Amino acid sequence: MSAVSLSGKQLAAAIRAEVAEAVAEPVKLAVVLASTDEASAWYVRTISTAAAKAGIDCELVDTKPDADEIAATLHRLSADPTVHGVILQSPLPPGLPPAQQLAGAIDPAKDVDGANPLSLGRLASGQPAFAPATAAAVLALLDHHQVELAGRHAVVVGRSTVVGKPVAHLLLDRNATVTVCHSRTKDLAAITSQADVLVVAAGRAGLITGRHVSPGTTVIDVGTNPTEDGRLTGDVDAASVVPAAAGLSPVPGGVGPVTTAVLLRHTLSAACASIGP
Ligand code: NAD
């Protein structure tokens, strides 16, 4: 057998089109950037371009790499009625508190990338909250490709608050039986090979190979690892997994474009909630 390619491009385009059609009143997303990191700058440009195409105003707010200034900026944007979504771009420069801690200054109603710990807490306790866009994108991609979740064994590799943990909660909400693996998991392959659905978010190129998957496994590769020649590669060794699995999302072109589109959808939802019915 050969795995079906679970592309995110068509889904991302559909979400972007749906958002563009629904934007009626001015909608604004503010992205706070405290680093000069090249990858962050690239990602922020991607969001900005996608937002502009969907009719959403994207304001880039540069701050000094200073915890007080970042927190004050997030508070100011959260209180600004013309701003509907607020993102703190990570990774932050070294020496600052973790992004999750600083993101506590984002109003949960505008926390469109689910970075405030309150958002994760609400998500975990089944209350309305914005999930991190990447985690929501994983679920959207699985739904788009009609992957059954209820009663199936979903294995998540990675336990970060940005991807692994929220994905696990979203999968639980969909009645999957969820196992979370991480860097201290013993015999990863013994667990991942039992998965019906395998979501990999470890940030380790080539971590998952053919021996980690079974013939029926659907694999979602969240990893984005820069290669020496300037490309991006996932956490999954596609060459050995494609012949072994049922489905595999490509990198690039899988979760990534859906994440950006979901961010716009969340921003529109935040705007609709603040504008009122
Ligand atoms: P992170 O470094 O915060 O967390 C990585 C997790 O993987 C940890 O919980 C760790 O325990 C686990 N891990 C590391 N090595 C492991 C191993 N050998 N075996 C099992 N588990 C292991 O990273 P993150 O922020 O969660 O991101 C994970 C990956 O997803 C990165 O490649 C990142 O670039 C990518 N990412 C992609 C998107 C997107 O939109 N496509 C968005 C966010 C993150």
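One line per residue, one yes/no per condition, for (1) over 18 Å from the mean Cα position of the chain (by Cα); (2) surrounded by fewer than 21 Cβ atoms within 10 Å (Cβ to Cβ):
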position: L6; (1), (2): no, no
position: V32; (1), (2): no, no
position: S35; (1), (2): yes, yes
position: K53; (1), (2): yes, yes
position: C58; (1), (2): yes, no
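For G114, indicate whether it is within 16 Å of the chain's Cα centre (by Cα) and more than 30 Å from T227 (Cβ to Cβ). No: the conditions fail for G114. Condition check for A129 on (1) more than 19 Å from T267 (Cβ to Cβ); (2) at pLDDT 95 or above: one failure, at (1).
Scanning the range 34-55 for residues that are assigned to a loop (DSSP other than H, G, I, E, B) and out of contact with any Ser or Thr (no Cβ under 6 Å at 6 or more places or on another chain) yields a total of 5.
Return yes or no: is D173 free of Cβ contacts under 8 Å to residues at least 24 places away in the same chain and out of contact with any helix residue (DSSP H, G or I) (no Cβ under 8 Å at 6 or more places or on another chain)?
No.
Looking at the range 67-82, is at least one residue closer than 21 Å to A133 by Cβ, loosely packed, with under 15 Cβ neighbours inside 10 Å and in contact (Cβ under 8 Å) with a residue 60 or more places away in the chain? Checked the range 67-82: no residue is closer than 21 Å to A133 by Cβ, loosely packed, with under 15 Cβ neighbours inside 10 Å and in contact (Cβ under 8 Å) with a residue 60 or more places away in the chain. Among the residues making up the range 100-129, those that are over 18 Å from A71 (Cβ atoms), open to solvent by 30 Å² or more (accessible area, probe 1.4 Å) and either assigned to a helix (DSSP H, G or I) or free of Cβ contacts under 8 Å to residues at least 12 places away in the same chain (or both) are L120, G121, R122, A124, S125, Q127, P128. Among the residues making up the range 100-126, those that are at pLDDT 95 or above, farther than 18 Å from A270 by Cα and not polar (S, T, N, Q) are L102, G121, A124. So which of A261, A244 is among the aliphatic types (A, V, I, L, M), away from the ligand (no atom under 14 Å from the Cβ) and out of contact with any strand residue (DSSP E or B) (no Cβ under 6 Å at 6 or more places or on another chain)? Just one listed residue meets the conditions, A244.
Where residues in the range 130-162 are open to solvent by 40 Å² or more (accessible area, probe 1.4 Å) and among the aliphatic types (A, V, I, L, M), which of them is nearest to the ligand (Cβ to nearest atom)? Walk me through it before giving the result.
Keep residues of the range 130-162 that are open to solvent by 40 Å² or more (accessible area, probe 1.4 Å), which gives 143-146, 148, 150-152, 159-162.
Filter once more, keeping what is among the aliphatic types (A, V, I, L, M): 150, 162.
Values: A150: 25, V162: 4 Å.
In this case the residue turns out to be V162.
The values are calculated or read from the model by the stated rules, or taken from the named source; none is laboratory data. Given the structure is predicted, the values throughout are model-derived calculations rather than measurements. Backbone-built Cβ (ideal geometry, glycine too); neighbour counts: all protein chains shown. For accessibility, only protein heavy atoms count, side chains too; no ligands or nucleic acids. Shrake-Rupley method; radii C 1.70, N 1.55, O 1.52, S 1.80 Å.
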